[in-house]
Amino acid sequence: MNRTHPQNIDAASLGSRKPLFAATRGCCKEGSMCIPCTRQCICISAVALLIVGIVAVIIVLTVTVGVPPFTPVNRLCVTTNNQTGFLCDDREVCIPASQVCDQRRNCANGEDEQESLCSDLPNSLPEYLIFYCGNHQFWIYADKRCDMMNDCGDCSDETGTWANCPPCGPQWWRCTMVVFHAYCACIPRSFCRDGVQHCSDWSDEYVCLR
Ligand SMILES: [Ca+2]
Ligand SMILES: [Ca+2]
């Protein structure tokens, strides 16, 4: 009977051989190619399987639980009328500041009326939605600053350095008014030459043109 005996291997011949784990142990099919199955090959396959598994779990959770609504961290925006606004969850609709906590759902998901915003006005509102009047006991929504109307009652939202409003537009006439009323530093040009004094220097009756 022929027997195969282990051969005596000296140190020199061992050093010239490749490590055992790099030896061919089988064949991993990849397309039409046959590549050797090494530990590296097995490692890469395991990582790929793990990634596929994680992605599958995420997809299943998204389908079954649903995607949580996006909540912008900073909702400050500017409306089409160039007013300070509040950005809705869809990141497209920008509502005027004064529509927040007015008991009407102006954003699709009603996020403008959520309790965290409206439970303790004005403290529960972000600072950018608020303007404090000359008398700090009173506040208005930020979009009411510089809108020509006397919302604070003392015109501090329309005049003075704190309000920092731009000059009157072409449809308005600037003067110092006789008394405070609905308007402050700028009156509509429709008030010019209407037979009623609005400006202390009478400029609305003698200088202003409609
Ligand atoms: Ca609202
Ligand atoms: Ca105002």
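The values are calculated or read from the model by the stated rules, or taken from the named source; none is laboratory data. What you see is a predicted model; the values in this text were computed from it and never measured. A quick note on method: Cβ atoms are made from the backbone with ideal geometry, for glycine too, and the neighbour counts reach across all protein chains shown. Each accessible area value is taken on the protein alone, full model and side chains, heavy atoms only, with ligands, DNA and RNA left out. Shrake-Rupley method; radii C 1.70, N 1.55, O 1.52, S 1.80 Å.
Being within 16 Å of ligand 2 (Cβ to nearest atom), in contact with a Lys or Arg (Cβ under 7 Å, 6 or more places away or on another chain) and not small (Gly, Ala, Ser) is the filter here, so list the residues in the range 89-134 that pass it.
Of everything in the range 89-134, just one residue is within 16 Å of ligand 2 (Cβ to nearest atom), in contact with a Lys or Arg (Cβ under 7 Å, 6 or more places away or on another chain) and not small (Gly, Ala, Ser), namely 131.
Going by the conditions given, is residue 98 within 18 Å of residue 146 (Cβ to Cβ) and in a helix (DSSP H, G or I)?
The answer is yes for residue 98.
Specify the residue that is least open to solvent (accessible area, probe 1.4 Å); the eligible residues are those in the range 173-187 that are in contact (Cβ under 8 Å) with a residue 24 or more places away in the chain and part of a strand (DSSP E or B).
So the residue we want is 186.
Going by what's in this entry, would residue 137 be described as assigned by TED's automatic domain parsing to the domain that holds residue 85 and surrounded by fewer than 18 Cβ atoms within 10 Å (Cβ to Cβ)?
Taking the combined requirement at face value, the residue satisfies it.
Report, ordered by the first and then the second residue, all pairs with beta carbons closer than 6 Å, sequence separation of six or more or different chains, a first member in the range 145-167 that is of a type in the set (S, T, N, Q), and a second member that is near ligand 2 (Cβ under 8 Å from one of its atoms).
150/184; 159/184
Might you let me know whether the range 147-161 holds any residue that is at positive phi, open to solvent by less than 30 Å² (accessible area, probe 1.4 Å) and more than 16 Å from ligand 2 (Cβ to nearest atom)?
There is no residue in the range 147-161 that is at positive phi, open to solvent by less than 30 Å² (accessible area, probe 1.4 Å) and more than 16 Å from ligand 2 (Cβ to nearest atom).
Just checking, how many residues over the range 104-126 are part of a helix (DSSP H, G or I) and within 12 Å of ligand 1 (Cβ to nearest atom)?
5
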